[in-house]
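Visitor: What follows is a single structure, and I will ask about it in a moment.
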Amino acid sequence: MNFDFTEEQLMLKQTMRKVSKEVLEPMIKEQEGKPITKEYLTKVMKAIKPYGLLGTTIPEELGGAGLDVMTYALIYEELPHELKGIGGVSPGLARAIANNGSAYQKEKFLPGLLSGDKTGCSANTEPNVGSNQAEIQTTAYLDGDHWVINGTKTFITNGIHADYIGVSVQFDRSKGSQGVGTILVDRNETPFESRPIKLMGFEGGDLAELYFDNLRVPKENLLVPEGEGHKGKLKGFHVWRCFVAIHAITIADKALEYSLQYVKEREQFGKKIGSFQLIQEMLADMKTDIDAARLLAYRALDMVNKGKHCRLETSMAKAFAAEMAVRVTSDAIQIHGAYGLTSEFPLERLYRSARILPIPEGTTQIQQLIMGRELTGISAFK
Ligand SMILES: Cc1cc2nc3c(=O)[nH]c(=O)nc-3n(C[C@H](O)[C@H](O)[C@H](O)COP(=O)(O)OP(=O)(O)OC[C@H]3O[C@@H](n4cnc5c(N)ncnc54)[C@H](O)[C@@H]3O)c2cc1C
């Protein structure tokens, strides 16, 4: 493993850091407390496009940025944590289309997603289907030239405003996970009902429940056919686990940064609190925790990049980093005392944002079961 990044990678990272500070953070500040709108989402997409965050690993001949996974992750690391969900999900759908789509689908869906004029999302979770994605209950059947989709999807990031939705469906219940595939829905052509969901730590985000009631979608929109859906999705999860780890590290970094500043200002017993050994112990543990998570994430990304078998390593990175961010943001509140709990300081917001992360892209428990399966060869679940 070699984490001496190239000059080009470091330059891209530095550029993104500058853009985040000078352009994106003011945008986030201006948006604070307001409901997310389509205009805001488009503004974010357009602002991050020049730095490869929409084109990501998609080949240049398809209009993408042609980055390798590691370089993409290094740039993504510099994106403010508030934008990591909305800015990551839409390119995720674009990558799925670039990897699996027909010529028609690439021509129809990719240009809008890559320019930032359109946004996308992936709808897998259902009211009764969370961790076990093999049990998808939303159904699709062919009727003439159209798929007819019935079902409900829930906790969908970008779900209110996304133009294009990759919907996982069950084509044939008798086949279980082998019956699962994905159909693309163009919301403007075939509208459907949705409602926003309020979620702790996700106040500035777009999270929704989607309702498909005999939704008729053109036959050509079949992205992943029956039999390949569940397997294909697992591959995607694999990469996204590393990106959730990177998301967690960004939040924890911020919490440590604020804490280091505060301990040099706040005085008790006539001394800066940073001079107390127990405070220094907390800071040392926070930094060690963050660096351990970063090394696990970089190792997993390096393995993904090289196409190595890395289920154990991506699960370790995701589970450790997500739980680490909860610990570190909690300690940061402790260091700030009661001020850390007030909304006048950013710590309670960071804590709430961190608390989300052990749940999506496979809960901590699911990651532990994957690790257990990789270590023992025995599966604790289907
Ligand atoms: C912020 C956010 C954004 C999201 N965005 C999306 C999105 O864009 N698209 C999408 O499709 N979904 C999205 N989700 C949904 C997410 O993928 C699910 O929440 C996740 O898969 C877990 O499912 P669940 O919440 O139904 O929990 P459940 O699966 O019901 O789990 C409940 C509890 O049981 C535990 N558990 C489950 N099975 C086992 C087992 N076999 N052994 C031990 N413990 C077990 C879990 O770890 C958890 O503690 C998002 C969720 C959040 C919080």
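Visitor: Can you pull out the GluC sites (Glu not before Pro) in the range 339-382 whose DSSP state is coil and whose Cβ has at most 15 other Cβ atoms within 10 Å?
Guide: In loop regions of the range 339-382 (DSSP not H, G, I, E or B), the sparsely surrounded GluC sites (Glu not before Pro) are GLU344.
Visitor: With +1 on each Lys and Arg Cβ and -1 on each Asp and Glu Cβ, how big is the dipole of the chain about its Cα centre, in debye rounded to the nearest 20? Display every interim value, and only then the final one.
Guide: Working: 45 positive and 48 negative charges, 82 e Å.
That gives the chain a dipole magnitude of about 400 debye.
Visitor: For VAL180, list long-range residues whose amide hydrogen, built 1.01 Å from N in the peptide plane, is under 5 Å from its own amide hydrogen.
Guide: When sequence neighbours closer than 5 places are left aside, the close amide H contacts are PHE171, GLY227, GLY229, HIS230.
Visitor: Fully extended, how many nm does the chain gain between ILE378 and THR363 (0.36 nm per residue separation, minus their Cα-Cα distance)?
Guide: Values: separation 15, 0.36 × 15 = 5.40 nm, distance 1.92 nm.
Length gained between ILE378 and THR363: 3.5 nm.
Visitor: With the cut-off at 26 Å, tell me which of the pairs LYS38/LYS153; LYS264/LYS287; LYS175/LYS219; LYS198/LYS264 have Cα atoms farther apart than that. Please list the in-between numbers first.
Guide: Numbers: LYS38/LYS153 20 Å; LYS264/LYS287 17 Å; LYS175/LYS219 21 Å; LYS198/LYS264 37 Å.
Violating the 26 Å Cα-Cα cut-off are LYS198/LYS264.
Visitor: With the crude spin-label approximation of a point 7 Å out along Cα→Cβ, what separation in nm comes out for GLN137 versus THR42?
Guide: Distance between the two pseudo-spin positions: 3.7 nm.
Visitor: Contour minus end-to-end for ARG266 and GLN14, with contour as 0.36 nm per residue of separation and end-to-end as the Cα-Cα distance?
Guide: Result: 87.6 nm gained on full extension.
Visitor: If you build the Cα gyration tensor of the chain and take the root of 5 times each eigenvalue, what three semi-axes come out, in whole angstrom, biggest first?
Guide: 36, 22, 21
Visitor: Could you derive backbone 3J(HN,Hα) for the range 139-156 from the dihedral phi with the Karplus parameters 6.51, -1.76 and 1.60 (θ = phi - 60°), listing whole Hz in sequence and x where the residue is Gly or Pro?
Guide: For the range 139-156, the Karplus curve yields 10, 9, 9, 8, 10, x, 9, 10, 7, 10, 10, 9, x, 10, 10, 9, 6, 9 Hz.
Visitor: I've got another one for you. Roughly how many whole Å is it from the C-alpha centroid of the range 14-52 to that of the range 57-89?
Guide: If we compute the Cα centre of each part, the gap is 14 Å.
Visitor: Name the shape class, rounded, prolate or oblate, that the alpha-carbon gyration tensor gives for the range 121-227, where a ≥ b ≥ c are the square roots of its eigenvalues, rounded holds for a/c under 1.5, and otherwise prolate holds if a/b is larger than b/c and oblate otherwise. List each step's numbers first, then the result.
Guide: Working: a/c = 2.25, a/b = 1.36, b/c = 1.65.
Taking the square roots of the gyration eigenvalues as a ≥ b ≥ c, the range 121-227 is oblate.
Visitor: Tell me, what HN-Hα J-couplings in whole Hz come from the Karplus equation 6.51 cos²θ - 1.76 cosθ + 1.60 at θ = phi - 60° for each residue of the range 17-30, using x for Gly and Pro?
Guide: Along the range 17-30, the couplings run 4, 5, 5, 4, 5, 8, 10, 6, 4, x, 5, 5, 4, 5 Hz.
Visitor: A further question on this structure: Remind me, what semi-axes does the range 1-143 give for its equivalent ellipsoid, largest first in whole Å, using sqrt of 5 times each Cα gyration tensor eigenvalue? Show your work: numbers first, answer last.
Guide: Working: eigenvalues 151, 83, 54 Å².
Output for the range 1-143: semi-axes of 27, 20, 16 Å.
Visitor: VAL129's amide H: which non-local residues (gap 5+, or another chain) put their own amide H closer than 5 Å, with H modeled 1.01 Å from N in plane and none for Pro or chain starts?
Guide: Residues meeting the criterion, in which the H sits 1.01 Å from N, do not exist here.
Visitor: In nanometres, what is the gap between the two model label sites at TYR104 and ALA292, each 7 Å from Cα along Cα-to-Cβ?
Guide: Calculated label separation equals 5.2 nm.
Visitor: Let me ask you something else. Name the residues whose placed amide hydrogens come within less than 5 Å of the amide hydrogen of THR363, ignoring near sequence neighbours (fewer than 5 apart) on the same chain.
Guide: none
Visitor: Rank ARG311, ARG195, ARG294 by mean-square fluctuation in a GNM of the chain with C-alpha springs under 10 angstrom and give only the top-ranked residue.
Guide: Taking springs between Cα atoms under 10 Å, the residue moving most is ARG195.
Visitor: The range 148-202 to the range 99-141: how many Å between their Cα centroids?
Guide: So the separation of the two Cα centres works out to 7 Å.
Visitor: With a cap of 10 neighbouring Cβ atoms within 10 Å, and only residues DSSP puts in a loop, list the trypsin sites (Lys or Arg not before Pro) found in the range 149-240.
Guide: Filter output for the range 149-240: LYS198.
Visitor: For every helix of n ≥ 4 consecutive DSSP H residues, a contribution of -39,500 (n - 2.57) applies; sum these over the chain, divide by its total residues, and give [θ] at 222 nm rounded to the nearest 500 deg cm²/dmol. Walk me through the numbers before you get to the answer.
Guide: Numbers: 11 runs with 186 residues, N = 382.
That comes out to -16500 deg cm²/dmol.
Visitor: On to the next question. Taking 0.36 nm per residue of sequence separation and subtracting the Cα-Cα distance, how much length would be gained by fully extending the chain between THR342 and LYS308, in nm to one decimal?
Guide: Length gained, THR342 through LYS308: 7.7 nm.
Visitor: Still on this structure: What list of ³J(HN,Hα) couplings, whole Hz, do you get for the range 365-381 from phi and the Karplus terms 6.51, -1.76, 1.60, once you set θ to phi - 60° and write x for glycine and proline?
Guide: 5, 5, 4, 5, 5, 5, 4, x, 5, 5, 6, 9, x, 10, 8, 7, 8
Visitor: Between LYS219 and SER174, take the C-beta separation as r, use R0 = 35 Å, and let me know the FRET efficiency to the nearest 0.05.
Guide: Working: r = 22 Å, r/R0 = 0.64.
Computed FRET efficiency for LYS219 and SER174: 0.95.
Visitor: At a Förster radius of 41 Å, what calculated FRET efficiency corresponds to the Cβ-Cβ distance of THR6 and GLU281, to the nearest 0.05? Can you show the working numbers first?
Guide: On the way: r = 37 Å, r/R0 = 0.90.
Efficiency for this residue pair is about 0.65.
Visitor: In addition: Which order do the peptides 320-328, 84-92, 107-115 come out in when sorted by mean C-beta neighbours inside 10 angstrom, highest first?
Guide: Put in order of decreasing packing, that is 320-328, 84-92, 107-115.
Each reported figure results from applying straightforward, stated rules to the coordinates on display, with no laboratory input. Quick caveat: nothing in here was measured; it's all calculated off a predicted structure. Reconstructed Cβ throughout: ideal geometry from the backbone, glycine too, with neighbour counts over all protein chains shown.
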